[in-house]
Amino acid sequence: MSGTVSQGILNDRIWPLILPAAAVFLALGVGPLLWMFVISFWRVDVFRIAPDLTLRNYIDAVSLHGRALASTMALGIAVAAICTVLSIAVATVIRFAKPRTGQILLFLVLVTLFGGYLTKIYAWKTILGNDGVINSGLLTAGIISTPIEQLLYSPAAVIAAMVGFLLPFAVLPVAGALRAVEMIEIEAARDLGTGPAKLFRLVILPRIRRGVIAAFLLCFCLAVGDYITPILVGGGRTALYGQMIAPQFGTLFNWPLGAAMGFTLVVAALFTGAVCAALLDRVLR
Amino acid sequence: MALLILDKLQKTYGQTAAVHPTDLSVDAGDFLAVLGPSGCGKTTLLRMIGGFVAPTAVRIHVGGQDVTGLPPERRPTNMVFQGYGLFPHMSVRQNIAYGPKVAGWPAAQIASAVDDMLALGQLEKFADRPVTDLSGGQRQRVALVRALILKPQVLLLDEPLGALDAALRASLQDELRQIHRQIGGTFVFVTHDQQEAMAMANRVAVMNDGRIAQVDSPQTIYGQPADPFVATFIGEAALLPVTVRQGRVRLPGGREAVVSGADGPRAVVLRPGDVAPAPAESPADLTVNVTDSVFQGGYNRLSLRTADGLLLRADVAVGVPLPAPGESIGIVLPARPLHTVKLPS
């Protein structure tokens with residue numbers, strides 16, 4: 001008896017539609033992952049990987065690179081938190097500006113997604129570098145006599161570059177959630193005595209809770225998995241986990257350790273993400 | 001002493017006037033209906049009182065306080081919105097408790113006030129359900145008591161029953177009247193439904209094209225409409241053109257009838273209850289052609305056409321012999337003074 005008529009009519013016939021996508025996803029996504037999972041218990045034998053059943057790689061993954069794992073999680077939380085806060089501000093303007101203005105703003109946010117990932121990172125180099133926009137500006141103005149090297153190749157630079165790249169991903173779910181908040185709810189809240197600040201806390205934030213959590217998690221996952229940005233704008237000074245996984249499959253040739261580190265990162269990110277989501281859910285309720 | 005005073009309230013959008021300069025005062029305890037066709041400015045008027053639309057020029061006084069510059073959250077008014085505006089992330093109880101919570105009432109006082117409101121709205125059974133689970137009528141009651149819990153000096157209602165079906169509307173009309181009697185507040189509600197305005201309000205303000213045409217009791221609005229618009233918007237009415245001389249008119253049948261209103265060209269307002277077939281052998285005031293006869297349950301409604309082409313309606317009690325369509329009959333108008341309105345020039 002449950003379900004609508006249209007669901008009843010279509011139910012059995014629509015399933016084959018997902019087969020092509022499922023085939024791609026299973027063959028190219030889940031399959032290799034399973035293979036990597038198996039390899040993560042193997043060992044390296046004189047430049048060859050050899051079957052084994054050892055937890056050595058996982059122990060190394062945590063004991064040798066534990067600090068990097070922790071700072072990666074911290075960086076992910078920082079980037080996601082900054083993106084989420086900024087996206088709430090941007091999405092609020094998009095939602096409550098005049099409809100036309102809101103559409104233009106949303107378009108501008110989306111258009112930044114067309115800029116390539118690498119292009120954006122190099123853009124940050126030209127902003128933060130020794131002869132970048134900020135340093136040459138300060139030099140010309142006579143405020144400093146030598147370039148501030150710490151602008152680039154610092155955790156702050158990595159965070160800035162990642163926020164710049166990830167912000168549109170955060171704005172979209174928040175803007176979507178805000179669109180569902182109707183003007184009449186806001187008017188009712190005002191009518192019942194809510195000033196602008198309380199309105200945000202008592203009505204708007206609880207209403208967009210799911211969108212905010214989605215924005216946070218999306219940014220968090222993309223940030224902890226990124227290993228290009230820290231190499232290009234973080235220099236050697238920012239040791240992030242992703243940076244250490246990549247060479248295991250290249251120069252260091254230790255696939256089992258790389259695989260184990262990869263799964264360690266996934267588990268750590270799932271755990272951290274779940275804790276953050278639960279916290280946000282409580283705070284925003 | 002008037003509780004709510006609108007002094008030259010006005011709203012223009014660019015060159016267009018939504019509400020022309022309007023004066024209106026509402027006494028404490030009044031149940032005032034603002035009635036008019038859609039687009040007449042009645043909702044704009046209500047939203048200006050609530051603080052949601054900034055008036056172009058005016059003063060709005062509530063209980064002696066000038067509230068013109070105050071935002072909605074600082075006005076002593078509360079509003080029941082068309083579409084309710086309930087908070088979907090909260091239960092019924094949380095919705096009702098919202099206002100007191102924001103106002104910082106002590107928890108015990110909030111709990112007991114919410115219980116009172118749940119009882120008033122007959123919502124006890126639904127207290128802990130999410131409002132998204134409720135039916136239209138139940139949501140309407142939540143919106144009503146959520147606004148009432150703050151004991152507003154004036155409760156504003158914007159088409160409160162507009163989204164409900166006819167049967168539910170009738171029962172909620174009764175409930176609203178009862179609640180008004182019970183708590184004795186001052187209600188101002190906007191509606192386009194004249195039956196609803198008549199049934200609920202003790203005063204009706206009829207709006208047309210951004211102006212208040214008449215403010216009076218429902219009886220006066222129906223019996224002595226101020227102009228042709230009010231006469232035809234409220235109930236059925238035919239306007240019989242006449243020339244008034246010294247407070248009298250000569251009807252086509254020859255009788256001199258006493259009428260209200262100044263001398264000159266005017267129109268007599270004829271309600272279906274005012275028109276009756278002339279009894280046999282007695283002189284008729286008007287001769288008309290019967291075009292149709294429809295059984296309405298308690299009475300028959302005749303459609304009649306004069307020689308000048310004016311369409312009249314007459315309600316005839318069941319049992320009285322009915323003329324057949326096509327027949328030419330004489331009709332009589334009431335002996336009491338007839339009400340006239342000025343015809344637009």
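The values are calculated or read from the model by the stated rules, or taken from the named source; none is laboratory data. These numbers come from a predicted model, not from an experiment. Methodologically, a virtual Cβ is constructed for each residue, glycine included, from the backbone with ideal geometry; neighbour enumeration extends over all protein chains shown. Only protein heavy atoms, including side chains, enter the accessible area calculation; ligands, DNA and RNA are left aside. Shrake-Rupley method; radii C 1.70, N 1.55, O 1.52, S 1.80 Å.
In table form, for the structure just shown:
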read-out	value
Total charge dipole magnitude, the stretch A:58-284, about the Cα centre, Cβ charges on Lys, Arg, Asp, Glu only, Debye to nearest 20	500 debye
Inter-chain Cβ neighbour average for residues B:138-151, partner chain, 10 Å	1
Structure-based [θ]222 nm, chain B - -39500 (n - 2.57) summed over DSSP H runs of at least 4, per residue, nearest 500	-7500 deg cm²/dmol
Restraint check, A:Lys98/B:Lys11; B:Lys11/B:Lys101; B:Lys11/B:Lys151; A:Lys198/B:Lys151; B:Lys101/B:Lys125, Cα-Cα greater than 25 Å	B:Lys11/B:Lys101; B:Lys11/B:Lys151
Nonlocal amide H pairs with B:Ala276, under 5 Å, H built at 1.01 Å	B:Val332
For the stretch B:310-324, Karplus couplings with θ = phi - 60° (6.51, -1.76, 1.60), whole Hz, Gly/Pro x	6, 8, 10, 10, 9, 9, 10, 4, 5, x, 6, x, 9, x, 8
222 nm mean residue ellipticity, helices alone, for chain A (DSSP H n ≥ 4; -39,500 (n - 2.57); rounded to 500)	-22000 deg cm²/dmol
Heavy-atom surface of chain A, accessible at 1.4 Å and reported per residue (Å²)	56 Å²
Shielding of B:88-101 by partner chains, average beta-carbon count, 10 Å	3
Principal-axis tilt of helix B:107-120 within chain B, Cα atoms, nearest 10 degrees	20 degrees
Estimated distance in nm for a label pair at A:Ala74 and B:Val294, the labels positioned 7 Å out from Cα along Cα-to-Cβ	8.1 nm
In degrees, nearest ten, helix B:92-103 long axis to first principal axis of chain B (Cα)	70 degrees
P(r), alpha carbons of the stretch B:251-345 - 10 Å bins starting at zero, rounded %	15, 47, 30, 8, 0
For B:Ser293, residues with placed amide H under 5 Å, excluding near neighbours	B:Ser303
Between the stretch A:178-212 and the stretch B:1-78, the Cα center-to-center distance that results, in Å	25 Å
Shape call, the protein assembly as shown: gyration tensor on alpha carbons, a/c limit 1.5	prolate
Normalised alpha carbon radius of gyration of the stretch A:58-284 [divisor 2.2 N^0.38 Å]	1.18
Euclidean distance between Cα centres, the stretch B:84-109 to the stretch B:248-313, Å	57 Å
Partner chain coverage, peptide A:197-209 - average Cβ within 10 angstrom	2
Between 0 and 90°, nearest 10: helix B:136-148 axis offset from chain B longest Cα axis	70 degrees
Chain B, relative contact order [Cα under 8 Å, separation at least 6], %	16 percent
Mean separation of Cα contacts under 8 Å, 6 or more apart, over the residue count of the stretch A:142-285: relative contact order %	31 percent
